[in-house]
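Let me begin by presenting the structure, written as structure tokens, before commenting on it.
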């Protein structure tokens, strides 16, 4: 989900290549567990319009013990109470 949002840009082709090398295939697919946690986050945060992608990203980070790196921290603050940590 995060990779899709990144690719929606605007982003230069060179940036895509650079980040693809940094990630080195470490993109985590959305599975049932992530979908279920994302739905809980969606309901815990007031069922905000257009927030499901953020819920999926947050759920992925929480379930994989990853810290979230984002320039849009404000949208992810509500998930801190559910265990989301920032890089």
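The values are calculated or read from the model by the stated rules, or taken from the named source; none is laboratory data. Everything numeric in this text was worked out from a predicted model, so none of it was measured. Counting neighbours? That spans all protein chains shown, and the Cβs are built from the backbone with ideal geometry, glycine included.
Which of the residues spanning segment 21-35 are within 13 Å of the chain's Cα centre (by Cα) and more than 12 Å from residue 64 (Cα to Cα)?
35
Only residues that are surrounded by 11 or more Cβ atoms within 10 Å (Cβ to Cβ) and in a helix (DSSP H, G or I): list them for segment 74-84, please.
Scanning segment 74-84 gives 75, 76, 77, 78, 79, 80, 82.
For residues that are assigned to a helix (DSSP H, G or I) and at pLDDT below 95, scanning just segment 22-41, find the one that is farthest from residue 58 (Cα to Cα).
Of everything passing the filter in segment 22-41, 22 is farthest from residue 58 (Cα to Cα).
Across segment 36-59, which residue is farthest from residue 71 (Cα to Cα) among those that are surrounded by 23 or more Cβ atoms within 10 Å (Cβ to Cβ) and within 8 Å of the chain's Cα centre (by Cα)?
Across segment 36-59, the extreme among qualifying residues is 59.
What about residue 71, is it in contact with a strand residue (DSSP E or B) (Cβ under 7 Å, 6 or more places away or on another chain), assigned to a loop (DSSP other than H, G, I, E, B) and free of Cβ contacts under 8 Å to residues at least 60 places away in the same chain? Explain how you work it out, then say what you get.
Values: in contact with a strand residue (DSSP E or B) (Cβ under 7 Å, 6 or more places away or on another chain): no; assigned to a loop (DSSP other than H, G, I, E, B): yes; free of Cβ contacts under 8 Å to residues at least 60 places away in the same chain: yes.
No, not satisfied.
Restricting to segment 1-16, what's the tally of residues that are farther than 23 Å from residue 29 by Cβ and either in contact with a helix residue (DSSP H, G or I) (Cβ under 6 Å, 6 or more places away or on another chain) or at pLDDT 95 or above (or both)?
Residues that pass the stated criteria total 3.
Could you identify the single residue in 38, 59, 87 that is out of contact with any helix residue (DSSP H, G or I) (no Cβ under 7 Å at 6 or more places or on another chain) and within 13 Å of residue 2 (Cβ to Cβ)?
Values: 38 fails: out of contact with any helix residue (DSSP H, G or I) (no Cβ under 7 Å at 6 or more places or on another chain); 59 fails: out of contact with any helix residue (DSSP H, G or I) (no Cβ under 7 Å at 6 or more places or on another chain).
Of the residues listed, the single one that is out of contact with any helix residue (DSSP H, G or I) (no Cβ under 7 Å at 6 or more places or on another chain) and within 13 Å of residue 2 (Cβ to Cβ) is 87.
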